Every structure is written in structure tokens, then in C-alpha cells.
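The values are calculated or read from the model by the stated rules, or taken from the named source; none is laboratory data. Fair warning: this is a prediction, and the values are worked out from it, not measured in the lab. Cβ placement follows ideal geometry from the backbone for every residue including glycine, while neighbour counts extend to all protein chains displayed. Just so you know, the surface numbers come from the protein's heavy atoms only, side chains and all, with ligands and any DNA or RNA stripped out. Shrake-Rupley method; radii C 1.70, N 1.55, O 1.52, S 1.80 Å.
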Amino acid sequence: MRVTRREFLKSTTCAAFAAGIGGGAGMLAARAAEAAAPVLRAGESLARLAPGDYPETRVWSYGNSVPGPMIRLRQGDRLTRRFENALPQPSTVHWHGIRIDNAMDGVPGVTQDAVPVGGSFDYDFVLPDAGTYWYHPHNRTWEQLARGLYGPLIVEEDDPPEVDRDEVLVLDDWRLTDQAQIHEDSLGAMHDWAHAGRIGNWITVNGKGESRLSVKRNERLRLRLINAANARIFYLSLEGATAWTVALDGQPLETPVPAERLSLGPAQRVDLIVDVTAADGGEALLISHEQKRDGEERYAITGFPVSGTARGAALPAPEPLPPNPIPALGDLNAARKEVLRMEGGAMGRMQGAMMGGGFMHMRDLVGRGKVWAFNGQADMPDEPWITVARGETVRIAMTNDTAWPHAMHLHGHHFRQIGTTGTGPLRDTLLVGQGETAEIGFVADNPGDWLFHCHMVEHSAGGMMTWLRVEG
Ligand code: C2O
Ligand code: CU
């Protein structure tokens, strides 16, 4: 499908998007009644991703919807879900960004066995931090995520900021055929794995090609943006609104920052406080900027038609969100220092790497679908990359010796970037540009075995995956 958004906007009406997705809620509720915990069921379903003159898309989804069911709880609550696997292949659920009990982290072969076809697994854990999170599979993620398996997980503060509305926008990037079906022939394509990952041709927000949210002038929204794409980095801006960033990857900033141009890497989240400034009868827009060879293209990915006025004047700038109980970094000079070199990929200079206990030349690695490495090791090492004592402050200096950006994600913890003039905000996923170096620091206070990988999921499947052990 090569149709651009602008052509769509001309050729379709809003009615085409109203058809919605569906009908699974009743069944989900019925199943939930029999089970101890509410059921989160993954299976095949249809989704109306493209306009009405296209067929619905056959997707894999949670609860028969894309995105999957919204999970909204309070900070300190327990989340319980019986995951049921009605997919044609094994799966797990990973609760991205949660400082979770290791046994509930959803990593096959590390924290649990993959849930077989027709099987189930009971997830049960406490939510220590407020913020914007999401859930997704951690088995064959490059396929399962691309087919539509993801959902939002919102943890509310005890004392949330005053806003008129709190809205979640889950962004995705699909590769669809001209019949609006998942482009299956390119699932697992080595060309994508060695380059930027699976970049799509159809962007959705909350599962819709044209998403709309009607607002009022001077209304204050909290917008929670989640990037659920396999590999696309979104570059975003808002028009007809004043926005502040109040949290990144769920973690509050000490001071809200005016949000002009945002980059949102795979798996990253941003919480915005947005005041609508567009006139009554006008429209505010969320715009995606894409660099093309012949310049920048702009697409409106969500429209906010304005009807009515919420108040006479805009509200004053927002206060920071209440902080989460994440321990402060210890003495950085005394901290343990580690180095992580990212290597490989197309146009890189990696000659080969260790894999399965021996050195392999690049052509043999490619034959096994492994085209990336960390510190000369492609794919998961048998032994942890590092083992750290509980409570230790760890610094990791990452060097991106590849021709591609990477979205580095640490499980079970949040880290800060360490700069020359101080430390950055807490995050769980950090973009490291081609040729760049970035150092992070975190307190290893969550015992267990934790993955550290690139969240361009073709890159992690292609070798950019390691793990560390925090002793109990
Ligand atoms: Cu979003 Cu290893 O995960
Ligand atoms: Cu990567």
C-alpha cells in the first residue's frame, strides 16, 4: 500500500473509521468469570486499520482488539492476568518498563518457559511506580509485535495532575499489502534485520489510520504517547496546542519541559500536558515528521477538532508529577564501570563475532540470522554479561559502532544518562544514534536475570541481546 495520508484524507470520510474493531469484550468477560484472574487472551482477529474501501486486516491481538485492552490501575496495586495463548505459536507477555518481580518479566528461556499454543500463564505482580507503560510479547517479537500484539498499561498516581482528560495514544507502524493485510513475505527478511528493522507503510494511532479526538479550546489534556512500532522512530510535533513534557518512559521529569519537537523511539513513552490553543471550529494536530531524500514530509496522525471552549484563558504552566520511589544513583566515581560496544549491521565493519561458544565469520552469522553483536558476542550469551551485587550503582558506557540508531532497553530498572554536566531523566529505553556514545547509570536493586537489548526488535532478534544478573 503506497497511499499517503494526504490522499487518504481526500478520498475517505470519517464514517469509514467508525466501523471499529471487534466484539471480543463479551467473550473476554465471560472467560474472566470462570478464571481466578481476569483473562488476557492472545489470538487471531480482524482489525479495521485501513479505510472502509479496504478489507479488514487479519491481525494477532490481545482481547480481539488493536491495541489490546487498556489496563489501568493505581500505583501500588497488584496486576493479575491469566494469559491465554490462542495464537498459532508460543508466546509470553512482557510488561515493559515495570520494575517487576523477575519471575513475571515474561522472557522465554530466562524468566519462564514460553506459553505453548493453547496454554496459559498467570501473571501476578505489584506496580511500584505510576506512569505510562505497555505490554507486548517477548517471543518472536519481530513477528508477534508486527502482527498487532500490544496494549497500554497505565498506572495512575495517588494524586494525579488536574487535567480535563487523560488520553492514551498508541502509535504503530505497519507494513501492509495493497489489500491491507500484514506483509507476511517480509517477516523475518534479513534485509530489514541488517538495516533499520521492519519499517512500515501505514501508521496507526490506537489502531486507526485516521484517529480523531474532539476537544475544546483551552482544554487541558494529558496525552500519553506509546511507540509500539517494531522499529520506527517517530519525530513528532503538535500544532494548535501548547505542550509540556512531564514524563519520559513513565518517569516524571523534575521540571516540565516545553515540548516542541519530540523523538519517540521504539518502546519509548512520553507524557504530555497539552493546552488546546486552536480556535473553536479549528483543529489541533499531532504531526509526524519523516525525513525523505527530497526533504521532510509531514503527516497529521491524529486530529483534534475543536468545538466549544473549556475556559476563558489557558491554564498556567503545569506542575511536575509526583516522583516515583526509584532509588537515587550512588556515588558515580565509585560506581562499577562497564563498556558495551554495539557492532554489526549493514554498512558496518564487523567481520565476525562469538556465537554458540565459538567465533563465526560474518557470512556464517548471516546464515543464522545474526548480524549484530555486543562486545563481540552475537545473541544471548549462556552466562550473564555481568553479575552485579544488589544495590550496586552500575555505569554502562555504550558505543554505537554501527551505521544505525538503536533503542537500548534495560529490563526491570530505570536508568539515567550520564552526561558531562550532570545526569539526564530516568528512562528505560534510550536512543543511541549512529556513531554516538552514551553512558547510563542505574541502581541494580531488583534481583534476577534481566535483558538488555535493542528495541528495534529485528535488531535484538538479529543478535543485539544480552543479559545481566542482579544477585538476590
Ligand atoms: Cu519491551 Cu525486552 O522489551
Ligand atoms: Cu537496534
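ARG293 meets all of the listed conditions (1) without any contact (Cβ under 8 Å) to a residue 60 or more places away in the chain; (2) open to solvent by 70 Å² or more (accessible area, probe 1.4 Å); (3) more than 30 Å from GLY188 (Cβ to Cβ) but one, namely (3).
Does GLY109 meet the test of being of a type outside the set (Lys, Arg) and away from ligand 1 (no atom under 16 Å from the Cβ)? Here the answer is no, as GLY109 does not meet what is asked.
On the given criteria, is LEU171 assigned to a loop (DSSP other than H, G, I, E, B), within 24 Å of ARG48 (Cβ to Cβ) and either of a type outside the set (Asp, Glu) or open to solvent by less than 10 Å² (accessible area, probe 1.4 Å) (or both)? Judged against the criteria, LEU171 is not a match. ILE199 meets each of the listed conditions (1) part of a loop (DSSP other than H, G, I, E, B); (2) open to solvent by less than 40 Å² (accessible area, probe 1.4 Å); (3) touching a residue at least 24 places away in the same chain (Cβ under 8 Å); (4) in contact with a helix residue (DSSP H, G or I) (Cβ under 8 Å, 6 or more places away or on another chain) apart from (2).
The single condition from (1) within 11 Å of ligand 2 (Cβ to nearest atom); (2) open to solvent by less than 10 Å² (accessible area, probe 1.4 Å); (3) not aromatic (Phe, Trp, Tyr) that ALA444 fails is (1).
So, in region 307-353, of the ones that are out of contact with any strand residue (DSSP E or B) (no Cβ under 7 Å at 6 or more places or on another chain) and among the aliphatic types (A, V, I, L, M), which residue ends up nearest to GLY250 (Cα to Cα)? Step by step, filter region 307-353, then rank; the result is ALA328.
From the residues in region 447-458 that are of a type outside the set (A, V, I, L, M, F, W, C) and within 16 Å of ligand 2 (Cβ to nearest atom), which one is farthest from LEU321 (Cα to Cα)? Per the criteria, the residue is GLU458.
Only residues that are buried (at least 16 other Cβ atoms within 10 Å of the Cβ) and on the phi < 0 side of the Ramachandran plot were counted in region 367-383, giving 9.
Of the residues making up region 247-281, those that are in contact (Cβ under 8 Å) with a residue 60 or more places away in the chain, touching a strand residue (DSSP E or B) at 6+ places or on another chain (Cβ under 6 Å) and surrounded by fewer than 22 Cβ atoms within 10 Å (Cβ to Cβ) are LEU253, PRO256, SER263, THR277, ALA278, ASP280. Set side by side, the residues VAL432, VAL388 differ, and just one is out of contact with any Gly (no Cβ under 9 Å at 6 or more places or on another chain), of a type in the set (Val, Ile, Thr) and within 14 Å of ligand 2 (Cβ to nearest atom), which is VAL432.
Pairs meeting the criteria (first residue in region 111-132 and outside the structural domain of PRO384 (by TED's automatic domain parsing), second residue assigned to a loop (DSSP other than H, G, I, E, B) and among the acidic types (Asp, Glu), beta carbons under 6 Å, at least 6 apart or on different chains) are THR111/ASP105; PHE125/ASP101; LEU127/ASP77; ALA130/GLU157. For region 39-158, give me every one of the strands (runs of 3 or more DSSP E) that falls completely inside it and has 2 or more residues that are aromatic (Phe, Trp, Tyr) and crowded, with 17+ Cβ neighbours inside 10 Å. Per the criteria, 57-62, 120-126, 131-136.
Among the residues making up region 441-458, those that are in a strand (DSSP E or B) and within 16 Å of ligand 1 (Cβ to nearest atom) are PHE442, GLY448, ASP449, TRP450, LEU451, PHE452, HIS453, CYS454.
One residue stands out among those in region 411-441 that are in contact (Cβ under 8 Å) with a residue 40 or more places away in the chain and among the β-branched types (Val, Ile, Thr): the one that is most open to solvent (accessible area, probe 1.4 Å), which is THR437. Look at (1) under 24 Å from SER214 (Cβ atoms); (2) at pLDDT 95 or above; (3) part of a strand (DSSP E or B) and you find that ALA279 fails only one, number (3).
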